[in-house]
1. List the residues whose amide H sits under 5 Å from the amide H of VAL72, counting only those 5 or more places along or on another chain, with H placed 1.01 Å from N in the peptide plane.
2. Excluding ASP183 itself, what net charge comes from residues whose Cβ is under 12 Å from its Cβ, given Lys and Arg +1 and Asp and Glu -1?
3. In Å, what Kirkwood hydrodynamic radius results for region 14-101 from the alpha-carbon pair distances?
4. Grab the beta carbon distance between GLU219 and TRP253, set R0 = 35 Å, and tell me the FRET efficiency rounded to 0.05.
5. Which residue, chosen from THR221, HIS276, GLN191, occupies the Cα position most advanced towards the positive end of the dipole of the chain, where the dipole is computed from +1 (Lys, Arg) and -1 (Asp, Glu) charges on Cβ about the Cα centre?
6. What's the FRET efficiency of ARG281 with MET1 using the Cβ-Cβ distance as r and R₀ = 45 Å, to the nearest 0.05?
7. For the chain, with only Lys/Arg (+1) and Asp/Glu (-1) charged at the beta-carbon, what is the dipole magnitude about the Cα centre, in debye rounded to 20?
8. Can you tell me the length gained on complete extension of the stretch LEU112 to GLU22, counting 0.36 nm per residue apart and subtracting the Cα distance?
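Computed from the coordinates by the stated procedures, all read-outs in this text should not be read as laboratory data. Please read all numbers here as calculations on a predicted model, not as lab measurements. Note that we place each Cβ from the backbone using ideal geometry, even for glycine, and neighbour counts take in every protein chain shown.
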Amino acid sequence: MPILVAGATGTVGGSLVRQLVEAGHEVRALTRNPESEAAAALPAGVEVVKGSFLEPQSLVPALRDVERMHLVSIEGSAENWAEMLELAKKAGVRRLTHLGHNDESKDDDHPLEAWHRQVHRAIEGSGLEWTHLFPGEFMANTWQWAESIKGKGEVRSPFGDWNSALVHEADIAAVAMVALLEDGHAGKTYQPTGPEPVRRRDAVRMIGEALGTEIRFVELTPDQARREWADVYPPDIIEWFLEMGTDYEGVGWVSPDVVEVTGRPGRTFAQWTREHAGDFR
Ligand SMILES: NC(=O)c1ccc[n+]([C@@H]2O[C@H](COP(=O)([O-])OP(=O)(O)OC[C@H]3O[C@@H](n4cnc5c(N)ncnc54)[C@H](OP(=O)(O)O)[C@@H]3O)[C@@H](O)[C@H]2O)c1
């Protein structure tokens, strides 16, 4: 039976697909656009199926003969999750892993927190064996610096001392794979992080080391960041980033979950920079 992976063309889902295929599993990848370059780059043998969370009925072909699936929270899809999960149950799905975002922050009214919570409630009430994955900040988020590093040899960002246990996408995927394939993970929430906190300015330095060059870190004030990000992110996302950035409490926390679930230590940011150095050249 194929394992259905949503977000298969994305950072974590892509890694999950590769790890499942390497381990000899049959994988079906969900995408809105099977003609895309990202879909074409999926490993040989992966069945690519079209569907969108925004149109739950479009998922019916993808769910056929599936018992286990990996889903990812997609903004704008919250109201569809109950229907998606009902369709999945009808199709014979028993178990799912869900990549999303911790909703434990204090702000019940924040629209982003509210939609995350709506998705979590739908999953937890679905009657399926679910496992949530609420990772820390992705190492891959540093891709957002690639253009500036390539063009100007610098990174402009607020909060240089922000100290976060950045997590490798392959480790999040590895936790998902164990939860999909092995028993004992139903009803659990894992919070994969990297093995050590990395300050933002040090992350920039480490990318420079992998490239063999020095990269300047230009620390922005929150107001400068608002101006520089205005064309890149919607205003509510900018304020969410800045809110997170001003609350350093607990940020450097290292979760035991990658080690406990996979039995291996988490990959370091230095390793990630070596693997991805080409993306910054
Ligand atoms: N970045 C972080 O630091 C961080 C931290 C904690 C949690 N998270 C969570 O991680 C998740 C993002 O994971 P990621 O970075 O691996 O994703 P990503 O690289 O941004 O890729 C998003 C994936 O979602 C798929 N997708 C988008 N809209 C869709 C729709 N309407 N229906 C079905 N699939 C759709 C895309 O597939 P197609 O384009 O092929 O359709 C793509 O494969 C989010 O839930 C986020 O909250 C992120």
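1. LEU99
2. In short, +2.
3. Roughly 13.6 Å, rounded to one decimal.
4. Efficiency, rounded to the nearest 0.05: 0.90.
5. The listed residue farthest towards the positive side: HIS276.
6. Step by step, r from the Cβ atoms, then E = 0.60.
7. The dipole magnitude comes to about 760 debye.
8. 28.9 nm
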